[in-house]
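Visitor: I have a structure I would like to understand better, so I am pasting it below and will then ask my questions one at a time.
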C-alpha cells in the first residue's frame, strides 16, 4: 500500500470531524470517524451514539464500520477518526485487517494505536488542533459522560 | 471478586448457547453471548447478526453489550460467550473493564482471551463439546461466511 498523501489525509479527517462537531449540539460525544476504501471511496461514516441512541456499543469507529455494511475484505481500507481509538475500536481494526488508521489527535486520550502499529497497521497521527479543542471542551463540560464512554 | 462456581458458569453458558443454536436455522452465524451483572442478574443477551441485519459490527458479545444498554460501570460483570472472543470483542472487554469472561470453547477459534488474562480479566474456559460441535458444523457448511466474519 502506498503511503497516504497529507492532503488526502486532511480531507478525510474533515469528514470525521464534521461527524464529530455537530454532536455537541445534540448533547452527544463529539467523536467522528469514516471508513475509506482502497480506491479512496467513502464506505461509511459515523459518530458516537451513546447519548442519542442509548447505545454504548456505537463508538465512532464501530458506527462507521457498521455504516459501511458487509465487506468481503478490509485490505487497503483506512479508518479515519478524530481521536486515538480505544481498545474496543483498536480491536475492531486489528480483527478485520483494516490497513491504515488516520488519527486526528491523541493528546486528550491515548488508545491502542501503538499496539496496532506493532501489529502492522499503518498509523498516521495528525495532531490536529481542532480535533483536540473539540474533545477538550467536551471533557471539561461532561467529565462523567466521558468516563462512562471509556469505561473509566 | 469471588471465583464463579461451575454450576453457575454452566447455567450462564446455556443462555449464550441458546442464543447461538437457533441461528443456524435463520442462516446466521451461531455464536451467542450474555452479559451478567455483579449480582448475577442478566443484563443483556445477543447473537451475531451479520447475516440477519447485514451488520458486521454485531458480534455476539457486542450485541449482548448493546442489549444491556448504558451502564455506569462494568466492574464485577461477566461476559459469557460460546466462542473465544475475537480481537474486536476482546478489546470491548478490556476497554470497559468487564471483570470476567466465561468461554464455551476455544478449539474452533482462538481469539484474544490470553491477552485479556494478561491484563487482569478472569478467564473461565469450559471446553464445552456442544459449543464446539455447533461451530464445527457451521464452519464446515459456510467457510466463506465464517472467514468474512473474522476478517480472514
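Please treat every number below as a calculation from the coordinates, not as lab data. If you're wondering where the values come from, they're calculated on a predicted model, not measured in any experiment. Note that we place each Cβ from the backbone using ideal geometry, even for glycine, and neighbour counts take in every protein chain shown.
Visitor: Determine the shielding of peptide B:81-90 by partner chains: average, over its residues, the number of Cβ atoms on other chains within 10 angstrom of each Cβ.
Guide: 4
Visitor: Restricting things to alpha carbons, find the Rg to Rh ratio for the protein assembly as shown using the Kirkwood radius for Rh.
Guide: So for the protein assembly as shown, dividing Rg by the Kirkwood Rh gives 0.97.
Visitor: How well do other chains shield peptide A:91-101, expressed as the mean number of their Cβ atoms within 10 Å of each residue Cβ?
Guide: Taking the mean over all residues of the peptide, I get 6.
Visitor: Okay, next question. Mean residue ellipticity at 222 nm from the helices of chain B, using -39,500 (n - 2.57) per DSSP H segment of n ≥ 4 over the full residue count, to the nearest 500 deg cm²/dmol?
Guide: Helix contribution divided over all residues of chain B: -12500 deg cm²/dmol.
Visitor: At a 10 angstrom cut-off on C-beta neighbours, averaged per residue, how do the peptides B:25-34, A:2-11 rank from highest to lowest?
Guide: Sorting B:25-34, A:2-11 by mean packing, highest first, produces B:25-34, A:2-11.
Visitor: Same structure again: With an 8 Å cut-off on Cα pairs and a minimum separation of 6 or more residues, tell me the relative contact order of chain A in percent.
Guide: Relative contact order for chain A comes out at 18 percent.
Visitor: Take peptide A:54-63, look around each residue's Cβ out to 10 angstrom, count Cβ atoms belonging to other protein chains, and average those counts.
Guide: 5
Visitor: Starting from 0 in steps of 5 Å, tell me what percent of the Cα-Cα pairs of chain B lands in each bin.
Guide: Pairs per bin, as whole percents: 2, 10, 22, 25, 22, 12, 5, 1, 0.
Visitor: What FRET efficiency would be calculated for the residue pair residue A:144, residue A:21, taking the C-beta separation as r and a Förster radius of 30 Å, to the nearest 0.05?
Guide: 0.90
Visitor: Still on this structure, I have one more. Just to verify a number: FRET efficiency for residue A:75 and residue A:125, C-beta to C-beta distance, R0 = 25 Å, to 0.05?
Guide: With a Förster radius of 25 Å, E is 0.70.
Visitor: Can you give the extra length, in nm with one decimal, that the chain gains between residue A:52 and residue A:1 once fully stretched, where that is 0.36 nm per residue apart less the Cα-Cα distance?
Guide: 14.7 nm
Visitor: Ok, one more. Helix B:129-141 against the longest principal axis of chain B: what's the angle in degrees, Cα atoms only, rounded to the nearest 10?
Guide: 30 degrees
Visitor: Something else now. For residue B:39 and residue B:136, calculate 0.36 nm times their separation in residues minus their Cα-Cα distance, and state this gained length in nm to one decimal.
Guide: Fully extending the segment from residue B:39 to residue B:136 adds 31.6 nm.
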